[in-house]
Amino acid sequence: MPHTNAKDHIDAMLHETRVIEPSAAFKATAKVSRADYERLYRQSLDDPDQFWGDVAAELHWFKPWDTVLDWQEPHAKWFVGAQTNVAYNALDRQVERGLGDKKAFIWEGEDGEVRTYTYAELLREVCKAANALEGLGVQAGDRVTLYMPLIPEAAIAMLACARIGAAHSVVFGGFSVSALTDRINDAQSKILITADAGYRRGQPVNLKANADEAAKNTPNLEKILVVRRAGTPVEWQEGRDVWWHDAVGSASEQHQAAALDSEQPLFVLYTSGSTGKPKGVLHTTGGYMVGTYLTTKTVFDLQDDDIYWCTADVGWVTGHSYSVYGPLLNGATVVLYEGAPNQPDWGRFWDIIQKHRVTILYTAPTAIRSFMRQGDDIPAKYDLSSLRLLGSVGEPINPEAWMWYYRTIGGERCPIVDTWWQTETGSIMLTTLPGAFPSKPGSAGLPMFGVEPTLMTHEGDELGPDDGGLLVIKRPWPSMLRTVYGDDERYRKSYWGEIKGVYFAGDGARRDADGYYTIVGRVDDVLNVSGHRLGTMEIESALVGHSSVAEAAVVGKPDEVKGECVVAFITPQLGHTVDAKELRAHVSREIGALARPDAIYITDAMPKTRSGKIMRRFLRQIAAGHDIQGDTSTLEDPSVLERLKATQAV
Ligand code: PRX
């Protein structure tokens, strides 16, 4: 069963009995009532063609579909035969229905600069960028890699790709040269879009320098389009490098959105799995559009005058679905913030909320726990009365952090939607619709429309309430991933092959008598560090790539703020000494700073079975400072455990 959370933490979630009702005022204007949910949810399962057809009909299609769903397990096609365009729906459609002067983006840089774009302005910028990309030779079906700070141009570039039918592959700006290189090569991108530098905690992060390094080992890459963000000096390769302000600045404002097949790839987004290198999760056009449109509208109860802020970076799926596509498809006003939550101090989020009168805040438990640690007097200095709804995403939220968020940030007035979903699911799968159901702190809640979850054993037996089990989804949904880019076999095996006939999410969960699901954490070798997914194998292979390391095993350890942190056990190469500082720097270079081990145990031997398998279960206990529990008799040398327990981590 799940190992990733501390036992106390799980106990706290499972024994939580508080039920928090939405206020009468919230319910009165809510988009979806409990009765609506019950009726529509039933219809979404009983007559999915009708349900999804009705939702899709709220959007624009150049050509209607012949069939809503073509399901040949494990491959789904949604809105088969239809043609549409996500960028057209996000922008042109909004301008056509009179929202041209409404603010689409309010962007704030870490340095305090503010830029706003109306829907009409954003459409113009996206048209120019689409023309510029076409001018650089990008065609429908190509992949374009983005390695950018959270600046408006990142969203503009994504939408421009969507407009011409090229799939974007956004690589988080905190990833290393080596991670960027692998992702460009895997996607076979010919074009990379980056910036000179982005800001993080007041320091410029030189993205262009990393892009230059990556370009040395990416033979397919032809052009690098560079946004000038920080004004830092950059190296320039004539013929290859192009300034955004030149190419986009001089491009025409007229561009006709391509009529794309519903299954045209929209984006690839790399995420960690339990084995091997990160997987390129592939999402396509029609189904992803319908899924993010519907969930944004209902889960965030979007009203015309909302100011909506999702704090995720566009490098993650939350930034794709809920900072860009979902809210723009709904014509919302979206706040984007480039920087760190503690820059210049821990009041920054509250300052942004006060300044822009944010009404909906969607953020991660790790951020909430960091704020909580800084004390209540910081948020108390700001006017947070504009807020009406709060959201949480990315990892389990412990009831204590939930209550703090509810009281201190939401003033006990704002419902909290705890949304469970994944890069692979494309949109929110479990939550409590805010005006329809009460929340239970720590529990994600009920299935979204069309989502049919259950709990199973590894053998595929369904479990009843209160039995912890594996969370699975029993039927396809529109925004689900279509494949792993370039590796359909891995797609079949990882998602629909683990347990026959169902989608296996990789999480363990429980369900209570009201049908609420509580996620307890990953059941595979995937860590969740500050809401970011990391594969233990990825970190291990980075570690053994260092000349001083013979063998490495990586496990997660519960962490009060990050949820989980990375702990590495290392045996040195004969005749080498391990320098922990150097090893951490090495992991940063190989993957990114987010994968750097918090603790490193240097040991002469690992606890192994007689067949040589490292027993990570014991390493997790040691990392957590727990007593050794479980059968140690299968170990080749049980004394290794005693020696390890006596070892100080560095
Ligand atoms: O373990 C679950 C956790 O994050 C994983 C998905 O990570 P990623 O693909 O990076 O997407 C994160 C943002 C959607 C899941 O398998 N997770 C995500 N949301 C929650 C969660 N765990 C508990 N509660 C959540 N609300």
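The values are calculated or read from the model by the stated rules, or taken from the named source; none is laboratory data. What you see is a predicted model, and the numbers here were worked out from it, not measured in a lab. As a convention, Cβ positions derive from the backbone with ideal geometry for all residues, glycine included, and neighbour counts pool all protein chains shown.
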May I ask you to verify whether Val314 is in contact with a helix residue (DSSP H, G or I) (Cβ under 6 Å, 6 or more places away or on another chain) and either closer than 30 Å to Arg348 by Cβ or without any contact (Cβ under 8 Å) to a residue 12 or more places away in the chain (or both)?
yes
So Asn330 fits all but one of (1) away from the ligand (no atom under 15 Å from the Cβ); (2) touching a strand residue (DSSP E or B) at 6+ places or on another chain (Cβ under 6 Å); what number is the exception?
(2)
Of these, Asp11, Asp66, Asp54, Asp70, which one is under 21 Å from Val472 (Cα atoms), without any contact (Cβ under 8 Å) to a residue 24 or more places away in the chain and charged (D, E, K, R)?
Asp70
Taking interchain pairs and intrachain pairs at least six residues apart, which have beta carbon atoms under 7 angstrom, with the first residue in the range 352-381 and over 15 Å from Tyr337 (Cα atoms) and β-branched (Val, Ile, Thr) and the second within 16 Å of the ligand (Cβ to nearest atom) and in a helix (DSSP H, G or I)?
Ile368/Ala401; Ile368/Tyr405
For the range 448-491, how many residues meet the condition of being surrounded by fewer than 19 Cβ atoms within 10 Å (Cβ to Cβ) and touching a His at 6+ places or on another chain (Cβ under 9 Å)?
1
How do the pairs read when you match residues in the range 213-231 that are at negative phi with residues anywhere that are among the basic types (Lys, Arg) and buried (at least 20 other Cβ atoms within 10 Å of the Cβ), using Cβ under 6 Å and keeping only pairs 6 or more apart or on different chains?
Asn220/Lys190; Glu222/Lys190; Val226/Lys208
Criterion (away from the ligand (no atom under 16 Å from the Cβ) and farther than 19 Å from Val144 by Cα) met by exactly one of Asp241, Asp306, Asp246, Asp261
Asp306
Go through the range 488-505 and count every residue that is more than 14 Å from the ligand (Cβ to nearest atom), in contact (Cβ under 8 Å) with a residue 12 or more places away in the chain and assigned to a helix (DSSP H, G or I).
4
The one condition Tyr308 fails out of (1) under 20 Å from Ile106 (Cβ atoms); (2) out of contact with any Pro (no Cβ under 6 Å at 6 or more places or on another chain) is (2)
The listed residue being within 12 Å of the ligand (Cβ to nearest atom), at pLDDT 95 or above and over 13 Å from the mean Cα position of the chain (by Cα), out of Thr295, Thr285:
Thr295
I want to confirm something. Restricting to the range 197-215 and keeping residues that are in a helix (DSSP H, G or I) and more than 22 Å from the chain's Cα centre (by Cα), which single residue is surrounded by the fewest Cβ atoms within 10 Å (Cβ to Cβ)?
Glu213
So which of Ser427, Ser386, Ser392 ends up being surrounded by 24 or more Cβ atoms within 10 Å (Cβ to Cβ), among the hydroxyl-bearing types (Ser, Thr, Tyr) and part of a loop (DSSP other than H, G, I, E, B)?
Ser427
Only one of Val171, Val95 is of a type in the set (Val, Ile, Thr) and more than 21 Å from Ala332 (Cβ to Cβ); which?
Val171
Regarding the range 320-337, can at least one residue be identified that is surrounded by fewer than 23 Cβ atoms within 10 Å (Cβ to Cβ) and within 29 Å of Val520 (Cα to Cα)?
no
Identify all residues within the range 356-376 that are more than 16 Å from the ligand (Cβ to nearest atom), over 15 Å from Arg388 (Cβ atoms) and of a type outside the set (S, T, N, Q); write none if there are none.
Phe371, Met372, Arg373, Gly375, Asp376
Within the range 474-484, can one find any residue that is part of a strand (DSSP E or B) and over 30 Å from His15 (Cβ atoms)?
yes
How many of the residues making up the range 412-463 are more than 12 Å from the ligand (Cβ to nearest atom), under 24 Å from Leu40 (Cα atoms) and not hydroxyl-bearing (Ser, Thr, Tyr)?
17
So which strands (runs of 3 or more DSSP E) are wholly in the range 261-318 and hold at least 1 residues that are closer than 26 Å to Asp142 by Cβ?
265-271, 279-284
